[in-house]
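The values are calculated or read from the model by the stated rules, or taken from the named source; none is laboratory data. Every value quoted in this text rests on a predicted model; they were computed, and no experiment measured them. Virtual Cβ from ideal backbone geometry, glycine too; neighbours counted across all protein chains shown. With ligands, DNA and RNA removed, areas are computed over all heavy atoms of the protein, side chains included. Shrake-Rupley method; radii C 1.70, N 1.55, O 1.52, S 1.80 Å.
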Amino acid sequence: MSVEVRKESELEIAHVLFIDIVGYSKLLIDVQSEYLERLREIARAAEPFRAAQREGKLMRLPTGDGGALVFRTSPEQPVLCAIEIARALRRHPELRVRMGVHSGPVREVTDLSEQENVAGAGVNIAQRVMDCGDAGHILLSKRVADDLEQYARWRPLLHDLGTCQVKHGVTLGLFNLYSDEFGNAARPAKLSRAVDTKIEVPLAPRKSIAVLPFENLSHDKENAYFADGIQEEVLTRLARIRDLKVISRTSTQRFKGATAHLPEIAQQLGVATILEGSVRRAGDKVRVHVQLIDARSDAHLWAERYDRELDDIFEVESDIAANIAEALQAKLTGAERRAIAAQPTTNLEAHEWYLKGRFHWRNFLAPGYERVRDCFEQAIARDASYAPAYAGLGLYYSFGAANGIFSPDSWRQSERATQKALVLDDTLGEALNAELALQMWWKRDLAAAERAFKRGAESNPNFADIRHHYGVCLSLLGRKDEALALMEAAMAIDPFFPGLNLHYGRSLYFMREYDRAVAHFRRMLDIFPNYVAAHEYFGDVCVAKGMQHEAIVQWSAALALGGHEEDARMLEQAFAAAGFEAAVRLRAERELEALDLKVAHGEYVAAGPYVFAHVQRGDREEAFRWLPKMAEEPNWFAFQIPVHPALDPLRDDARFEKIAAILPVNESFNAGR
């Protein structure tokens, strides 16, 4: 931007956020004004913007299609502002915005209109950084990234892009800032190098499909659960067809609202066809529009619009599934035809409560997760023969109990709901998955657990969860090859499920395949950079590999991302001042304090975390005091005793073998070791 300098001030280092609207010049004049004002409103509403303005430490430099915000605070403030703007922009997909951040010299100037303004290399370079990005990108100069990298909470979000040549032959080092919640993970087009050689990618099976999240076009945005529910139920019906490869919802959900081209999405998911859809609900009326697309040719294989009464929704879902099966020339058995035509309830109110329960399930570990239970109970109260609602309730209790989140009393509640679901429908995958949990973790009947898995996998050929679950079981029982094969089969139909990827890496750790575990967690964190448990588990692998500094980095990232920034800072300081062992002891002591606080508040805490914390603290006697309880408690921590590397310091004590002996041993399972 050109200005005439009439009054000069001293140079100072400022932190600049440059923003513009991609494709602005192609918009109609009135649309340009509307979009620009909307962007200004979003920026003004951001807390870092308002805080800096209150302190008199913000200057604004407008441009035709955006502008620069110049912060005189810290390098973090423009980045925090960019993140808040990016999150707000998710509600405005029409605004295709890119952002760039740089710290550099600026000075105040007075332009020709006698207005105070700002100029300098700091502003110019911030604009060059932004120019390297595409819509959705938040790019940082290397200088800013270096400043942020000193803090654990930022490290997982910083992705090195290398260098980019900009105007006047200047070369900039760039970093891409993104997570699952903001930013654009794709490499900027400007930095992508054209190559003549083609990369051979295996062709997806012709009879393969991903059902992308349906767009909610209802005026009431609270109906998002309803649009998600229809997508999931269409997918569930298709998943019963053995002749199709159907990608799980947890992976297709990653592409909700995505701007990527369909061929790219299809390639990432490993499918040949994509189903897109939208849902508009108004009172008792519902409109569902769907189109089946060949991802290679972009040809429409089938499309339909349904304008129906709400009580016809199951018929709509069945018709969509049947038409897709026909379009893909899938062979259906009689049982599969009945499964995709099934109507699980005639009570629409019960169905809506069930859909809400499934909607909240994805936030199971977040505060308020008991809404999952409440929704399923409300569905059952309205239809006492609604099998999927019972299965959902059974899974809720079994998942919580198996992971040591709920007390062992929850197993009986899981059993009641699961058995009722299986009486109503003995082929239901979710119910058989809950039955697998009951038999494995609570009753410790390994043969019965295997039978539940086989029934679930046979009747639900595209149900990744039960393969994932049983693969974890086998990894703890020493059946390594079978475990990994099952989890890899699950990842083929659910490649982007964080929990599945997490447990695959954890299983490699239990198997002491440390190099493979390191490679897996590095790839995983590229996809899920703010996944707390992945950083924590990766830290454990680093300890086993002797990568002490990297272990501290990963544990610190887990703490910071989990909202414990002070603990992360203390861990890093202890490592720098006193070394690795001191840092490990500090981490264990802080963990014990947190566990004791939960107990003091009346919360259930499993014995396993106490054992691991005491081992890390170096207190063998306290670890052995808790170890019998860990072995007796019906959750997955007990089955970790024979395989967990962190327990190696206890294995040379005769008490360890005696305690471990209470775990179940089954000849048929032992044969696979």
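Structure above, values below:
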read-out	value
Selected residue (criterion: modelled with the lowest pLDDT) from residues of region 155-211 that are farther than 27 Å from residue 100 by Cβ and open to solvent by less than 100 Å² (accessible area, probe 1.4 Å)	201
Near pairs, Cβ below 6 angstrom, 6+ apart or cross-chain, from region 587-610 (within 21 Å of residue 644 (Cβ to Cβ)) to any residue that is of a type in the set (S, T, N, Q) and surrounded by 17 or more Cβ atoms within 10 Å (Cβ to Cβ)	588/616; 606/635
Which numbered condition residue 338 fails, given (1) part of a helix (DSSP H, G or I); (2) in contact with a strand residue (DSSP E or B) (Cβ under 9 Å, 6 or more places away or on another chain); (3) not polar (S, T, N, Q)	(2)
Residue list for region 626-669, restricted to those being of a type in the set (D, E, K, R), part of a helix (DSSP H, G or I) and over 18 Å from residue 404 (Cβ atoms)	648, 655, 657, 658, 667
Residue ranges of helices (runs of 4 or more DSSP H) in region 23-133 with at least 1 members over 24 Å from residue 153 (Cα atoms)	29-45, 47-54, 121-131
All positions within region 254-277 that are under 28 Å from residue 309 (Cβ atoms) and open to solvent by 20 Å² or more (accessible area, probe 1.4 Å)	256, 276
Residue within region 454-466 that is closer than 27 Å to residue 333 by Cα and basic (Lys, Arg) present	yes
Region 62-81 - residue that is hydrophobic (A, V, I, L, M, F, W, C) and open to solvent by 10 Å² or more (accessible area, probe 1.4 Å) and, of those, nearest to residue 131 (Cα to Cα)	69
2 or more residues touching a Gly at 6+ places or on another chain (Cβ under 9 Å) and within 25 Å of residue 460 (Cβ to Cβ): qualifying helices (runs of 4 or more DSSP H) within region 198-280	224-239
Test: residue in region 485-498 that is closer than 17 Å to residue 180 by Cβ, out of contact with any Cys (no Cβ under 7 Å at 6 or more places or on another chain) and modelled with pLDDT of 95 or more	no
